[in-house]
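Notes to accompany the following structure.
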Amino acid sequence: MAMNEADTRANLIDPKLVAAGWGVVDNSFIRRELICPGQIMAGGKRSNPVPCDYVLVYKGRKLAAIEAKKESLPYSEGVRQAKDYAQRLQCRIAYATNGQAIYQIDRLTGEEKLVDEYLSPQTLWDLTFKQPDDKPEAAFTTAWREAFSAIPFETKGDWTPRYYQENAINNALEAIAQGKQRILLTLATGTGKTCIGFQMAWKLFQTRWSLTAQKDINLAKKRPRILFLADRNILANQAFNDFGAFENNNPGALVRISPAEIRKSGSVPKNGSVFFTIFQTLVCGPNTQLVEGSEDEENGKTIPDANPYHQQYPANFFDLIIIDECHRGGANDESAWRDILDYFAPAVQLGLTATPKRTDNADTYSYFGEPVYSYTLKEGINDGFLTPFKVLPIVGTMDEYTYLPGDGLVVKGELEPGRLYKESDFNRIITIPKREERRVHYWMDRFNPHEKTLVFCATQAHAGIVRDFINQYAVKKGWTTNSDYCVRVTANDGLAGENDLKTFCDNEKTIPTILTTSRKLSTGVDARNVRNIVLMRPCNNMIEFKQIIGRGTRTYDGKDYFTLYDFVKAHHNFADEAWDGEPIPNEACPECGKTPCECEDTGEGTGEPEACKVCEQKPCNCEKTEPEACQLCASRPCVCEKLEIELSDGRARQIKHISSAMYWSAEGKPITAKEFLERMFADLPKFFKDEDQLRAIWSDPTTREKLLEDLAEAGYDDEKLDSMKELIDAQDSDVYDVLAYVAYTAETSTRSERVQRAKPLIKSAFTHYKQHEFIDFILDKYVAEGVKELAANKMRSLIELKYNTISDAAVELGSTATIRETFIGFQQYLYSE
């Protein structure tokens, strides 16, 4: 008798693995792994999870993936899956087997062949780390690789690394084992870069790796000193908390460097193992005047001190420096922060960034080199580790404005009649309060007032105005009486704003519910339950746009998606080819053939910048003076000329907005409703061949549920299908009408109309008045709530709602089998022609 897959595994595959030494040789393991849970769908469902039948682990590293099929199927049915699993897990070897045949795939050489047995643990280890062209590997690389692999992850309770996190950790540690000094990891916002940095630091700490022992593991005597460097206090503080495990067995191992503590003690702290600070602190010195937590400190607007704090450390003091969000200045040639990295040049420097290479962050890639691992937003959403999103582009009648005399009262400034003011001018050059108020009312009328929301505004002043409009409208709506329902968090809000942000990030707290900001919250907000992001200022910088999207992509129980309300056409960024995907590869220099260029400093077309003609240095070391603040408004740039107009009542009433939903595509980009409809039209024939078959499937709750599950896996979940009703102007119809309309342009009916047509047929088929009462009760629920009320799993709750107990229903309607036949049987008439 043919064996099923479970029997095939137990009787045929497992014994062969054991014979090869797996699970027998020390430190070898046979595991089953859910590589990723699958994209989050409406109702908490998941589409296309990726489970791997076998993962072969040796010395802490995953070396091979196996896809098993039952004995009666050819092994070839598992080849595609085996390759996919091995690619995700970074295994060189993949196997597909039905228990009898073993098909081995070498992803490095491309060789594929049938083999008699599985490779042993040591053989597979040696093959995995074999050097190209059989070149000898440095002894220290081999030694450190095995040392790092022998240290288990610090699991901190039930934490286990996701597959991409493990890949990133292994690749970065491999680069360190090879002696590389500059390392870059590119992973989407919300994927756990700080956690990756922690696990790397943990392994280095436990193995006693250091610069001294980098090329000779026998010198590994002392613990490494590690610096975590950020550009926002909140990021440094979050990392300090995330690294807490270091304190368990090594009290005092963690040190937070701050100007106040340095001034209090009189010197920079040196007793510790892992140090946390922001760039701006290290640029400061004893003579720097700034307020901690202020805009000056975090925006790095202070002039570097003649005796900066970082130079009070020896240049080789730190063994490893982790630079968080490294694209935001640390590797920028023109940044004063680069001085810190250059000063600590002996240290191994690990850059963490969420942004693939673009022209506006090319310095980062030139400094660190190509990333040793990348994981994109699209991958994160499709794998189910990040939350998908809906985009609502909103077009208003006052997205642009031309002032005409008589429009209203000019409160401040002198407007130019006939001048066109565009989106980028609003709330910077010109302010129209009524316009902002209408925008606030528009999105607040469409969101859940209890959902955590971030609102991005043009300036700090604009964020204050919007905050006030939100609180006023929330009170008017009766949603709250708490004045902190919405608060502003900007650089000028200082420590009070930081405390509000901390409370907002606490998922157990409901107040504040909404934060307004200008730029401060585009990063560093680890609030997992953000459900709405509102863009009320232009965002043309792709790096910042990705970071803003990342504020909502973190997963949370019950969070199926988040919504982006876009007033400023930021959704056009999705059309940019660089919206997602792999980093743009560097082009090799035509002269030396290296990436980045290693030519002599000629500045003659090699891709290297020319030396400054004034100071003759590269990068330029000329002193750069900041523009002075305006003497009247004390702002830089000056906002004295800001215009303000109070519109006349007639003009104010003309401010209107319209929006249209966008949908998440399999390619990782939002698409318009029209594009979604076209894709749906092309895909539906895969599920039913004609309208008669659709009707037959839909008439039976069992086959209907199976169809809905298959549609959800293909990207057409309940939420999307329901939203299509509005698109085809059939809000009160059945989902059946959506499918029939899209596939066959069939005329739609409301649920009420469908019931009225079906009742004569139902009553002729079910003649007892007790059945009529039961069926009418269910149909009333169907009209009110939709087709989900007809699902087989709803039958019990509906019976109990009407009759209290199943026993009471049986007295009225007959046996449970009879009740089930009635519940299922009448539905065919609901969908008959």
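The single condition among (1) closer than 22 Å to PHE317 by Cα; (2) in contact with a helix residue (DSSP H, G or I) (Cβ under 9 Å, 6 or more places away or on another chain); (3) assigned to a helix (DSSP H, G or I) that ILE234 does not meet is (1).
Contact annotation: residue pairs with Cβ atoms under 6 Å, 6 or more positions apart or on different chains, pairing a residue in segment 95-113 that is closer than 13 Å to LYS83 by Cα with a partner that is at pLDDT 90 or above and in a loop (DSSP other than H, G, I, E, B), are ARG107/ARG92; LEU108/ARG92. Only residues that are modelled with pLDDT of 70 or more and closer than 15 Å to SER518 by Cβ were counted across segment 424-437, and they come to 5.
Contact map, segment 259-286: first residue at positive phi, second residue among the small types (Gly, Ala, Ser) and surrounded by fewer than 24 Cβ atoms within 10 Å (Cβ to Cβ), Cβ cut-off under 7 Å, separation 6 or more or different chains; pairs are GLY272/GLY252; GLY272/ALA253.
Just one of the listed residues (LYS802, LYS794, LYS759) is among the basic types (Lys, Arg) and under 43 Å from the mean Cα position of the chain (by Cα), namely LYS794.
The single condition among (1) closer than 24 Å to GLY192 by Cβ; (2) at pLDDT 85 or above; (3) assigned to a helix (DSSP H, G or I) that ARG531 does not meet is (3).
Given the criteria closer than 20 Å to GLU5 by Cβ and either in contact (Cβ under 8 Å) with a residue 60 or more places away in the chain or surrounded by 21 or more Cβ atoms within 10 Å (Cβ to Cβ) (or both), does VAL79 qualify?
Working: closer than 20 Å to GLU5 by Cβ: yes; either in contact (Cβ under 8 Å) with a residue 60 or more places away in the chain or surrounded by 21 or more Cβ atoms within 10 Å (Cβ to Cβ) (or both): no.
Criteria not met by VAL79.
Among the numbered conditions (1) free of Cβ contacts under 8 Å to residues at least 24 places away in the same chain; (2) in contact with a strand residue (DSSP E or B) (Cβ under 6 Å, 6 or more places away or on another chain), the only one that ASP506 does not meet is (2).
Specify which of the listed residues (ALA784, ALA817, ALA810) is in a helix (DSSP H, G or I), small (Gly, Ala, Ser) and closer than 23 Å to ARG754 by Cα.
Values: ALA817 fails: closer than 23 Å to ARG754 by Cα; ALA810 fails: closer than 23 Å to ARG754 by Cα.
Result of the check over ALA784, ALA817, ALA810: ALA784.
Collect the residues in segment 723-741 that are over 23 Å from ALA758 (Cα atoms), assigned to a helix (DSSP H, G or I) and touching a helix residue (DSSP H, G or I) at 6+ places or on another chain (Cβ under 8 Å), keeping them in residue-number order. Explain how you work it out, then say what you get.
From segment 723-741, those over 23 Å from ALA758 (Cα atoms) are 723-724, 726-728; that's our starting set.
Restricting the remaining residues to those that are assigned to a helix (DSSP H, G or I) gives 723-724, 726-727.
Of everything in segment 723-741, those that are over 23 Å from ALA758 (Cα atoms), assigned to a helix (DSSP H, G or I) and touching a helix residue (DSSP H, G or I) at 6+ places or on another chain (Cβ under 8 Å) turn out to be MET724, LEU727.
So, ALA230, is that one within 27 Å of LEU89 (Cα to Cα) and buried (at least 21 other Cβ atoms within 10 Å of the Cβ) or not? Give the derivation first.
Numbers: within 27 Å of LEU89 (Cα to Cα): no; buried (at least 21 other Cβ atoms within 10 Å of the Cβ): yes.
In short, no.
Taking segment 463-477 as the range and being buried (at least 23 other Cβ atoms within 10 Å of the Cβ) and not small (Gly, Ala, Ser) as the test, the residues that pass are VAL466, ARG467, ILE470.
The values are calculated or read from the model by the stated rules, or taken from the named source; none is laboratory data. This is a predicted model, so every value here is computed, not measured. Because the Cβ atoms are built from the backbone with ideal geometry, glycine has one as well, and the counts that use them run over all protein chains shown.
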